[in-house]
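**Q** Before we start, here is the structure in question, set down as structure tokens.
The values are calculated or read from the model by the stated rules, or taken from the named source; none is laboratory data. Owing to the predicted nature of the structure, the values given are computational and were not obtained by experimental measurement. All Cβ positions, even for glycine, are placed from backbone atoms using ideal geometry, and neighbour counts span all protein chains on display. Remember, those area values only see protein heavy atoms, side chains included, never the ligands or the DNA or RNA. Shrake-Rupley method; radii C 1.70, N 1.55, O 1.52, S 1.80 Å.
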Amino acid sequence: MRKPFIAGNWKMNMTHLEAVNFMQDLEYKYKNKNNCEVAVCPPATALKSVKTIIDSDNLEVKLGAQNMYYESRGAFTGEISPEMLKALGVEYVIIGHSERRQYFGETNKGVSRKVNAAFNTDLKPIMCIGESLKIRESGKAEEFVMDQLKECLVGIDEEDIVDLTIAYEPIWAIGTGRTATSEDANDMCLAIRRKIEEIYNKKISEIIRIQYGGSVKPFNISELMNMSDIDGALVGGASLEVDDFIAIINYQDSSDT
Ligand code: PEP
């Protein structure tokens with residue numbers, strides 16, 4: 001049984017002071033009826049403040065970063081190493097988000113180096129893959145996403161892969177208000193799981209968690225989460241509103257009624 005995993009990607013939003021206010025409000029209103037694993041991924045400048053609140057309030061929320069570099073140290077101005085994140089108490093790190101691919105030239109090869117570096121530092125990557133609208137309309141979405149998956153997993157062995165979360169995020173659904181239908185999202189998540197079985201084995205494919213991301217909101221989360229192969233969500237915009245984020249965490253599970 002895979003534990004549902006809801007992660008909030010704050011992107012480049014919130015100063016560390018705003019992050020503290022957000023976390024205090026989250027702590028005050030927090031409930032988690034589905035016993036999900038929950039993570040927040042603030043900007044690097046707010047990681048320390050958010051961690052302080054999580055620890056002082058014993059909040060059952062994990063800390064994630066939005067990016068990292070694959071080297072440990074050196075002349076890489078502006079970059080942050082996996083060790084630096086680890087030292088701050090970070091547990092998860094988003095790697096290969098489509099905005100990083102689109103605006104900062106990240107490639108599958110770079111993503112695979114980062115995923116490897118994350119595992120070498122005991123960080124758990126949330127690895128993003130997904131197709132553009134043009135590719136979806138050409139009918140080649142699955143082929144594209146499977147190629148991305150294969151290339152991003154180069155060098156990842158069986159021992160590590162179980163701690164990988166894959167976020168399937170169709171680019172055309174991110175921040176646009178357009179969500180993939182639950183069936184389309186689930187079909188791709190299933191295809192990803194089958195590919196994992198092909199590359200690794202069945203047991204691993206049944207353990208690995210696959211999130212959907214792309215305009216997840218309180219009104220569509222329940223349908224997505226009740227699909228067979230969607231194990232969670234990577235949430236952008238709606239994770240910036242405490243009430244929405246809590247509503248998403250507390251989606252309606254079909255086995256509840
Ligand atoms: C994201 O940032 O990964 C994302 C899916 O954003 P949004 O929920 O705003 O579409």
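**Q** Run the dipole for the range 1-56 about the Cα centre, Lys and Arg Cβ at +1, Asp and Glu Cβ at -1, nothing else charged, and hand back the magnitude in debye, nearest 20.
**A** It works out to roughly 260 debye.
**Q** How large a share of the accessible area of the chain, in percent, is made up of carbon and sulfur atoms when the probe is 1.4 Å and the other protein chains stay in place?
**A** The value for the chain is 49 percent carbon and sulfur by accessible area.
**Q** Can you list residues from other chains, or at least 5 along the same chain, whose modelled amide H is less than 5 Å from the amide H of I95?
**A** The list, which skips near neighbours in sequence, is I126, M127, C128.
**Q** Let me spell out the model: positive unit charges on the Cβ of Lys and Arg, negative unit charges on the Cβ of Asp and Glu, origin at the Cα centre of the range 59-215. What dipole size does that give, in debye rounded to 20?
**A** Using Cβ point charges on Lys, Arg, Asp and Glu, the range 59-215 gives about 260 debye.
**Q** Binning every alpha carbon pair distance of the chain at 5 Å from zero, what are the percents per bin?
**A** 1, 6, 14, 19, 20, 18, 13, 7, 2, 0, 0, 0
**Q** Search the structure for amide H atoms under 5 Å from the amide H of A39, placed 1.01 Å from N in the peptide plane, and list their residues when 5 or more places away or on another chain.
**A** Residues meeting the criterion, in which the H sits 1.01 Å from N, are I6, A7, G8, K62.
**Q** Toward the positive end of the charge dipole of the chain, about the Cα centre and with charges on Cβ (Lys, Arg +1; Asp, Glu -1), which of A141, M84, I230 goes farthest?
**A** Of the candidates, M84 comes out farthest on the positive side.
**Q** Connecting C-alpha atoms closer than 10 Å in a GNM of the chain, tell me which of V111, V61, V40 has the biggest fluctuation.
**A** Maximum fluctuation in the GNM of the chain, among the listed residues, is at V61.
**Q** If amide H atoms are built 1.01 Å from N in the plane of the peptide, which residues on other chains or at least 5 residues away come under 5 Å of the amide H of Q252?
**A** S222
**Q** While we're on this one: Relative contact order for the chain: what is it in percent, counting Cα pairs under 8 Å that are at least 6 residues apart?
**A** 21
**Q** Express in whole angstrom the spacing between the alpha-carbon centres of the range 199-257 and the range 19-62.
**A** 18
**Q** What does the range 68-204 give for Rg and for Dmax, in Å, if only its C-alpha atoms count?
**A** Looking at the range 68-204, its Cα Rg and Dmax stand at 15.3, 46 Å.
**Q** Show me, for the range 143-153, the HN-Hα J-couplings you get by feeding each phi into the Karplus relation (A = 6.51, B = -1.76, C = 1.60, θ = phi - 60°), rounded to Hz, glycine and proline as x.
**A** 4, 4, 5, 5, 5, 4, 4, 4, 5, 6, 8
**Q** Give me the Kirkwood hydrodynamic radius of the range 133-257 in Å, from all C-alpha pairs, to one decimal place?
**A** Computed over Cα pairs of the range 133-257, the Kirkwood hydrodynamic radius comes out at 15.2 Å.
**Q** Sticking with this one: Among the GluC sites (Glu not before Pro) within the range 1-74, which fall in a DSSP loop and have no more than 15 other Cβ atoms within 10 Å of their own Cβ?
**A** Filter output for the range 1-74: E60, E71.
**Q** If you roll a 1.4 Å probe over the heavy atoms of the protein chains, what accessible area per residue do you get for the range 5-253, in Å²?
**A** Heavy-atom SASA per residue in the range 5-253 reads 45 Å².
**Q** Another question, if that's okay. Which value, in Å² and to the nearest 10, is the accessible area of S255 when all protein chains are kept and the probe is 1.4 Å?
**A** Roll a 1.4 Å probe over it and S255 shows about 90 Å².
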